[in-house]
Structure formats: structure tokens, C-alpha cells
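Every read-out reported here was derived from the displayed coordinates using simple, explicitly stated rules and does not represent laboratory data. Note that the coordinates shown come from a computational prediction; the quantities given were computed from them, not determined experimentally. Positions of Cβ are generated from backbone atoms using ideal geometry, with glycine treated the same way; all protein chains shown enter the neighbour counts.
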Amino acid sequence: MSQEIKQNNIAFVIGASSVGTLIEWYDFYIFGMLATIISKQFFPADAGTAALLSTLAIFAAGFIVRPFGALVFGRLGDLIGRKHTFLLTLIIMGGSTFAIGLVPGYASIGWAAPILVLILRLLQGLALGGEYGGAATYVAEHAPAGQRGFWTSWIQTTATLGLFLALGIIILIRTNQGVEKFSAEWGGWRYPFWISILLVGVSVLIRMRMSESPMFSKLKSEGKTSVNPLKESFGHKANFKMVLLALFGAVMGQGVVWYTGQFYAQSFIETVCKVEFVQSRNIMLMAILMATPCFVLFGWLSDKVGRKWIMLIGMLAAVLTYRPIYKEFINITSAANRTKIVDARLTSTKTGFPIFDAKDKTKMYIKQEADTTYYDGSVFKYYRTDTIILKAPREEARPITLINPDMIQYSSPKPNLVVEKTLGHAAYWDMIWLVFIQIVYVTMVYGPIAAFLVEMFPTKIRYTSMSLPYHIGNGVFGGLVPFLGTLIVEFTKNSAHPAGDSLAGLWYPIGVASVCFIIGLIYLSNKIDKNVMD
């Protein structure tokens, strides 16, 4: 009977911790999921790639400050307790996310828009820096010996499920509203930010029913809690050595594998492969749904065979297969590979038609649309826009068709070409399986990591000690994957190769994971510490 009560108690601990953590991940991820739209709303309309890079930089900024959140809230967690600390982080995260949805666009308030979003994004990062360590520590300190990997792996699923929830809500709203309404300044892309306040309210009510960690309560009753968690965590040579080993031997590689599989993959599929918005996100959703149970599988397995080898094998597999996987992404979606299977009956081209700029009457756009339909069900659509500058503004009474060619000053030498690809059934599932493989790597490196970190550090400074390497590894090394990957590709562009090397961005996660694998192979122990009260 007591065992049943204990199991029920653990189930509540897992559920209460997981709901809050899932919502915090959801809040954190919707920004990344909507990066292409946010770049157009909070930056000048003609900024192009610079706007996307700036948006990705703001996205990355939230990751970069996570270690500072780990220090601030980790210290609080070791001083006043786990429960109250990650209740506070949840409220900060939810409030910041809701506020991002209220910020007017660049067209309304100019550069104040991206500045406000940056400030709110930094608050999100600080809050998340204190959330994960608290939730993982809280669950681990409730879990029975010999099952710590299994129970903490449920917390690991929340990051992926938060991503799944974010994708699902975005797709649902966009499908109902349509592209134009969803992407407008006050369109449906803001709704996921507003919805978060309701989710946070529910989670706060649940978390208020939670009791403090039994291990921390015991330490507090005995007067053995840390007086200065920061000094004890990083001022003592032996403990600081473990912090560095955790970062460079495990979490650094785990971070880049995580963000490559779940963020860089989506960005690559959308911006390089040009797969249509909803379908690109459905690919991610299906792959995530299929792979998520592997978090628990590898967490459970780590209780049997140890944490080290599962994590290192996941890193090694990523290092060896990333480039072949992404090369296959390109092959599947390349029009060059499909020239002999065009269904001419369904392929069409619309004659270009001129449109004048609403503000600048000397600027005229010629838009053309074409689509190519293939026998496998794939449809590739092409939207070309040529810009023509007139020597004098068009008179309102003059029909567009009567514009004299002598009035044209010049036309754009490089037209704007937008490609949107919808894949047929076979190609669609090939893409899903390739993403699925990457997320399995994620589950291998991430499923055992919470138990691994908890067992490295003593109870009285655990929150602080494990939070810092985790959030440097994930927030800095991992969080920079989308931004640095995109930036590296930009550096490979030149006049001979205007598109650059689309696979070059992978060298960053491959390099980091390789270094981490070598350090972990040499220095990490595979021993499971059953006594976490020391």
C-alpha cells in the first residue's frame, strides 16, 4: 500500500513539474517557430536576409542569457527551495511571452519594436535558466534509487512536447486564417503568444499544490543548506572541475545535437529546401510524435547500462550522419532531380501583371506565377517579381497599360524569386524519416542527461551546480546553432556561387559534438550514483 502511495506521489510530482516545464518550453519556442514572420513584422520591410539574421540573433539572445538565469535562480533554489523558485520562473516566462504578443510592429513604432522584443526575450531566457534545473532536481530528489533515469526522462520529453504544442497551435491558427491574415501586423501569429497566459495560469495553480523536495526539506530542517551556493559551486576546485566536465564532456554536445535536430532541421527544410510553411511544420510534428517515446526508453535504459555510452553514441551518430541526411533533404526537394516526371496537364504559368507601390508612385512591380506538378503528387510553385522604376510618378488617371516605355528608368537586374514546394506522399514521408532519425539522436543525448547531472553534484548546491553547465551547453552552444549555421552559409556566398554552400552550416554542430565526444570518451565515468543525498 505504501509503495502504491509512493508511486502515486511520484506520478503527481512528474505531472506537476512536467506541465509547467512544457509550457515554459512552448513559450520559449514559439518565437523560433515564427522567426520568418517576426523578422518581417519587427524589422524594415526591405531588410531581407539581414532581418532574418537579426531575428535569429534575438532568438539566440534568449539562449545566451540562460546561464545568468541559472546563476540567479539556481542560487535562490539552493537557498529558499525548489518549489518556490520554479514557480517564480514560470510566472516571469508567461508574462514575457504574453507581452511579446502585444508589441506593435516596426511599421507602427519603428526601432522600438525590436528593442522591446529583445528585452522580453532576455527575460524569457533568464526565466528558463532557472526552470529546467529546478524541475529536474525536484523530480530526481523524489525518484527512488535505480529509477532516476526513467523518472527524470519524463521531464526531458517536455522540451520536445513543448515544441510539438507550439507547432500544432501555429499550424491550426494559420490553416484557419490563411497566409495573409495570419502574417498581418496584428494577425494570427500573435495568438500563440497570448494563449500562453492561459496555459501558465493553469500550471501555476497546479504547482501551488506541490510540496518541497524531501531531500531539500531534510537539509533545511537539519540546518545544512548552503549559505553561499555560488561560492561553493564554483569556488571549490573539485566541484568546479565537475561543472567543467559536465559542460564540455556531455552538455555541450547534447545542446548542439538537440538544436540541430529540432530547429536547424526545420529552418533548413523551409529556407533551403523551400518546403511550404504548413507541410514543413507537419514534417517536424510527425517526426517528433514518433520519436518522443524514445526519451523515456533511453532514460530507462540508462538506469540499466549507465548514462555515458548512450549519450556519446548519440553524439557520434550525429557527427557521422548529419551531412548525408541534409544532402538527402536537398536531393528529395530538388527540381533538377524531377525534370522527367513533370505532369504537363497540371502545370501552368500565369501571365505577369503590373502593380504599383502603394506609397512610391515611381515604383512598379511585375509579378508572374508558375507551378510545376509532378506525377508523384509534388507541386513546386514559383513567384517572380521584377521591380521597374519610372522617371516620373504615374498619374492616377493614366491606365497602367498606357505607360510609355520611355518613362522607364531601369528594372531590377535581379528579380525576387520565391519558391514554395509541396511534396508528394513518398517524398513527404522520406523527409519525416530523416527528421525522425535526428530526433532519435536527440533522445539519446537528452533522455539520460538530467539523471547524469543530478548525480554529479551534492544536494545543497545541486540546483546551482547543474543549472549552469546545462544552460551554457544548451543556451550558448546549442542555442547558437540556427544563427551561426545560417551565418556560416552566408559567408560561403560569392559571385560564382550566389547560393553558397547550403551544407556549410552543419560544420558548427559537427565540430562541437566531435570535441564533446572525445572529452566525454576520455574523462566521463559510466558509474551510476545511487546515493544523491551526499
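Highest mean packing first, where packing is the average number of other Cβ atoms within 10 Å per residue, the peptides 152-160, 255-263, 87-95, 325-333 line up as 255-263, 152-160, 87-95, 325-333.
When ARG338, ARG66, ARG121 are ordered from fewest to most other Cβ atoms inside 10 Å of their Cβ, what list results?
On the way: ARG338 17, ARG66 31, ARG121 23.
Placing the least packed residue first, the sequence is ARG338, ARG121, ARG66.
With a Förster radius of 41 Å applied to the beta-carbon distance between ILE355 and ALA426, the computed FRET efficiency rounds to 0.60. Computed from label points 7 Å out along Cα-Cβ, the spacing between ASN331 and GLU369 is 3.4 nm. This ranking places ARG190, ARG384 by how few other beta-carbon atoms lie within 10 Å of each, fewest first, which gives ARG384, ARG190.
With Cα atoms defining each centre, region 299-331 and region 135-167 are spaced 20 Å apart in the structure. Please work out the FRET efficiency for the pair THR385 and GLN177, using the Cβ-Cβ distance as r and a Förster radius of 25 Å; give the result to the nearest 0.05. Here the calculated transfer efficiency is 0.60.
Here VAL305 and VAL515 are evaluated by their C-beta separation; at R0 = 30 Å the FRET efficiency comes out at 0.80.
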